[in-house]
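**Student:** Just passing along the structure, written as structure tokens.
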Amino acid sequence: MFQYFPKNYSWSLAVSCSIAMGAEISELEEALSPLVSLDGPAAHEGWYQNWLKLGHKLTALADADDAAGNLFSAASKYKRAANYYLFAERIASWSDPRRLHAYNLGMTAFRKGLERSGDLWERVEIPYEDGVLSGWLRLAESEGKQPAVIFYNGFDSIKEMHYLIYADMSAKRGIATLFVDQEGTGEAVRYHHIAKRNNTELSAGKFYDALAAHPAIDADRIGLIGLSMGGYCAPRAAAMDKRFKCVASLGAFYELDANWEAILRGDTGTGLSDGLPESGIHAMHVTKTDTIDDAVAVLKSRTLAPVIDKVTCPLLVVHGENDRQVALAHARKTVAGAVNSSDAQLRVFSVAEGSTEHCGVDVMKMQGEYVYDWAARILGGHVA
């Protein structure tokens, strides 16, 4: 993985994700180089301010393109502005009121980018409990009905990140993808206070219903993809809802193991406790609990052990050999447990070939293309 900050895994992970989402290296250098010599609170404040400033810069450039009628150029810059705003938000503390401000700026820029992009897209909103679950549906260019997948977030990722990384590779293969903020992620937790829970088939079923009712979607060819902790959400949903024709995990998450519990509790010795700051606070926020013990209890209930043998559709798990966040054992247990799947496969990306870090963040296209090629063959898309 490109480690711009060799001693800060979380920041380097964010930089690599931003690059995968379309960031320009020179623009990142403008924001990041002043941070190298900083430490502590000054570094965190500098991170927020510099990413925000970069978002403002790209928004102003996009506005100028927009006023001149150069809409494709404006779209590109609005999407990069969204990228930068959302990474200002990502590292900020949940106790910082400016976090939601940066998120709102990112959401506004992202939508402006979509509206000018020429992409075939739609906004999807589904009533859920006392709030709304939302998604961006990217459609493929197709004369007939097209297959589709629902794309689930991880522990702290959001649908806009995944749209910018995977939407084009999906559409190119003739597959529509509904990128969603499920419970405990993105808009669901920030705007509607909908917490993470273990019965992910409830939201998946509602998203399925929305896709099945869409005139461009073939209801008999809908699958699921989950990334990172979404590697629990997607297989759990497929196990409980037999309407899904396939399920894939980009980075497995079988259950909350001892290593991850230690990270959430801030214990040292995991190798990542210092590199994933405020993970415990994030866990409490997204589970809507008041103590780390309660948050851990909620997350421990999210285990595939009781349900993985109920997956009957084809299952694919891709995982990096050098995944430093979620051990490869999660992937092996997921595939080994899927004894009733019609075809359970594990693809491990080696250090030698790349895409070997968590969810392939070092070369995210490689794991993503592998998953979408697999889904295209099962659901009737195309790979050439």
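**Student:** Enumerate the pairs (first residue in region 199-223 and over 17 Å from MET240 (Cα atoms) and touching a residue at least 60 places away in the same chain (Cβ under 8 Å); second residue anywhere and among the hydrophobic types (A, V, I, L, M, F, W, C) and assigned to a loop (DSSP other than H, G, I, E, B)) with beta-carbon separation below 8 Å, excluding pairs fewer than 6 apart on the same chain, so at least 6 apart or on different chains.
**Tutor:** Listed by first residue and then by second, the contacts come to ALA216/LEU139.
**Student:** Anything in region 210-245 that is touching a Cys at 6+ places or on another chain (Cβ under 8 Å) and assigned to a helix (DSSP H, G or I)? List them, or say none. Break it down into steps so the answer makes sense when it comes.
**Tutor:** Filtering region 210-245 down to residues touching a Cys at 6+ places or on another chain (Cβ under 8 Å) leaves 223-224, 226-228, 238, 242, 244-245.
Once the filter is applied, which keeps residues that are touching a Cys at 6+ places or on another chain (Cβ under 8 Å) and assigned to a helix (DSSP H, G or I), region 210-245 yields only ALA238.
**Student:** A further question on this structure: Looking at this structure, is SER73 surrounded by fewer than 18 Cβ atoms within 10 Å (Cβ to Cβ) and outside any helix (DSSP H, G or I)?
**Tutor:** On the way: surrounded by fewer than 18 Cβ atoms within 10 Å (Cβ to Cβ): yes; outside any helix (DSSP H, G or I): no.
Spelling it out, it is not the case that SER73 is surrounded by fewer than 18 Cβ atoms within 10 Å (Cβ to Cβ) and outside any helix (DSSP H, G or I).
**Student:** Still on this structure, I have one more. When you scan region 121-135, how many residues do you find that are under 16 Å from THR200 (Cβ atoms) and at pLDDT below 95?
**Tutor:** 1
**Student:** Tally the residues that are assigned to a loop (DSSP other than H, G, I, E, B) and surrounded by fewer than 23 Cβ atoms within 10 Å (Cβ to Cβ), restricting the search to region 326-354.
**Tutor:** 10
**Student:** Are there any pairs with C-beta distances below 9 angstrom linking a residue in region 346-357 that is modelled with pLDDT of 95 or more to a residue that is outside any loop (DSSP other than H, G, I, E, B) and acidic (Asp, Glu), with the two at least 6 apart or on different chains, and if so which?
**Tutor:** GLY354/ASP362; SER355/ASP362; THR356/ASP362
**Student:** Any residue at all in region 152-160 that's in the same structural domain as VAL307 (by TED's automatic domain parsing), in contact with a strand residue (DSSP E or B) (Cβ under 8 Å, 6 or more places away or on another chain), of a type outside the set (A, V, I, L, M, F, W, C) and assigned to a helix (DSSP H, G or I)?
**Tutor:** Scanning region 152-160, I find at least one residue that is in the same structural domain as VAL307 (by TED's automatic domain parsing), in contact with a strand residue (DSSP E or B) (Cβ under 8 Å, 6 or more places away or on another chain), of a type outside the set (A, V, I, L, M, F, W, C) and assigned to a helix (DSSP H, G or I), so the answer is yes.
**Student:** Now, a different point. Report, by residue number, each residue of region 123-146 that is among the charged types (D, E, K, R) and in contact (Cβ under 8 Å) with a residue 24 or more places away in the chain.
**Tutor:** The answer is GLU129, ASP130, ARG138, GLU141, LYS145.
**Student:** To continue, here is another question. When only residues in region 300-325 that are hydrophobic (A, V, I, L, M, F, W, C) and either within 18 Å of the chain's Cα centre (by Cα) or part of a loop (DSSP other than H, G, I, E, B) (or both) count, which is farthest from ALA238 (Cα to Cα)?
**Tutor:** Going through the qualifying residues, I end up with VAL318.
**Student:** List, please: which pairs have Cβ atoms under 8 Å, are six or more places apart or on different chains, and start with a residue in region 318-342 that is polar (S, T, N, Q) and end with one that is surrounded by 15 or more Cβ atoms within 10 Å (Cβ to Cβ) and in a helix (DSSP H, G or I)?
**Tutor:** Qualifying pairs under 8 Å: GLN325/HIS358; THR334/GLY231; THR334/PRO235; THR334/ILE308; ASN340/LYS310.
**Student:** Okay, moving on. Condition test on LYS206, is it of a type in the set (D, E, K, R) and either under 16 Å from the mean Cα position of the chain (by Cα) or crowded, with 23+ Cβ neighbours inside 10 Å (or both)? Step through it out loud before you land on a result.
**Tutor:** Working: of a type in the set (D, E, K, R): yes; either under 16 Å from the mean Cα position of the chain (by Cα) or crowded, with 23+ Cβ neighbours inside 10 Å (or both): no.
For LYS206, the condition - of a type in the set (D, E, K, R) and either under 16 Å from the mean Cα position of the chain (by Cα) or crowded, with 23+ Cβ neighbours inside 10 Å (or both) - is not met.
Yes/no matrix, rows are residues, columns are (1) within 30 Å of ILE281 (Cβ to Cβ); (2) modelled with pLDDT of 95 or more:
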position: PHE155; (1), (2): yes, no
position: ILE165; (1), (2): yes, yes
position: SER170; (1), (2): no, yes
position: ALA176; (1), (2): no, yes
position: VAL189; (1), (2): yes, yes
position: HIS193; (1), (2): yes, yes
position: ASN198; (1), (2): yes, yes
position: PHE207; (1), (2): yes, yes
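**Student:** OK, next. Just checking: which of the helices (runs of 4 or more DSSP H) contained wholly in region 1-67 hold 1 or more residues that are over 18 Å from VAL361 (Cβ atoms) and assigned by TED's automatic domain parsing to the domain that holds ILE91?
**Tutor:** 25-32, 40-67
The values are calculated or read from the model by the stated rules, or taken from the named source; none is laboratory data. If you're wondering where the values come from, they're calculated on a predicted model, not measured in any experiment. Counting neighbours? That spans all protein chains shown, and the Cβs are built from the backbone with ideal geometry, glycine included.
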